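> Quick one: this structure, given as structure tokens, is what I'll be asking you about.
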Amino acid sequence: MKNQYSRVRYYLTAVICIAAGVFFDQITKYFALARLKGKEPYIIIKNVFHLEYLENRGAAFGLFQNQRIFFFCSVAVICAAVIWFYARVPMEKRYVPLRACAVLITAGALGNFIDRVRLNYVVDFFYFKLIDFPIFNVADIFVTAAAFLLFVLLCFYYKEEELERILHSRK
């Protein structure tokens, strides 16, 4: 009974964290729309970091412009893969970082998905002018940070046997 309660608690925590991440992403985009759209960029650090409104109809770096079906299918695949993965990850403290990555990737994917459904584009507004980095948003930060952390974890933290345990577990 205690094990069942723990699983429910882990899943509920994940859902709450995903919802919080999506809410944070959407509220920042709301303010970007309200305060930045149609206006000059808001300069945080001159020639280094600006808040600048952009309507992105593509993916990262402007790839796949106006490919709505591709984006809708990719979100469905990502969410299905994350649910499958999350269900297989052992409910042990050692695997919390993997579960956190799954939560961040899902929150980011859903945050941008909501924009695509609601607005037909994604609201981007963070701009590192110093390096002329493409304009991005909070959801992009979630996905990028989680993907980087996942790479580090898989390459340097978890042993091959631990990863095999996840991939071949039967739950």
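Just so you know, all these numbers are worked out from the coordinates, no wet-lab data involved. Here the structure is a predicted model, which means the values were calculated and not measured. Glycine also receives a Cβ, built like all others from the backbone with ideal geometry; neighbour counts cover every protein chain displayed.
> Which distance in nm do the two modelled labels at GLU164 and ALA19 give, with both placed 7 Å along the Cα-to-Cβ direction?
For the pair GLU164/ALA19, the computed spacing is 4.0 nm.
> Pick from LEU51, LEU98, LEU153: which is most flexible by mean-square fluctuation in a GNM of the chain where alpha carbon atoms under 10 Å apart are linked?
LEU153
> Considering lysine pairs in the chain that are 8 or more places apart or on different chains, how many have Cα atoms under 25 Å apart?
Taking the chain as the scope, the lysine pair count is 13.
> If you don't mind, another one. Going highest first, how would you order 87-95, 141-149 by mean Cβ packing within 10 Å?
141-149, 87-95
> What does the extension gain come out to for ARG7 and ALA145, with contour length at 0.36 nm per residue minus their alpha carbon separation?
Full extension from ARG7 to ALA145 adds 47.1 nm.
> State log₁₀ I(q)/I(0) for the chain at q = 0.15 Å⁻¹ as given by the Debye formula over alpha-carbon point scatterers of equal weight, solvent excluded.
-0.90
> Ordered by packing density, taken as the mean number of other Cβ atoms within 10 Å over each peptide's residues, highest first, how do 31-40, 12-21, 105-114 rank?
Highest-to-lowest ranking by the protection proxy: 105-114, 12-21, 31-40.
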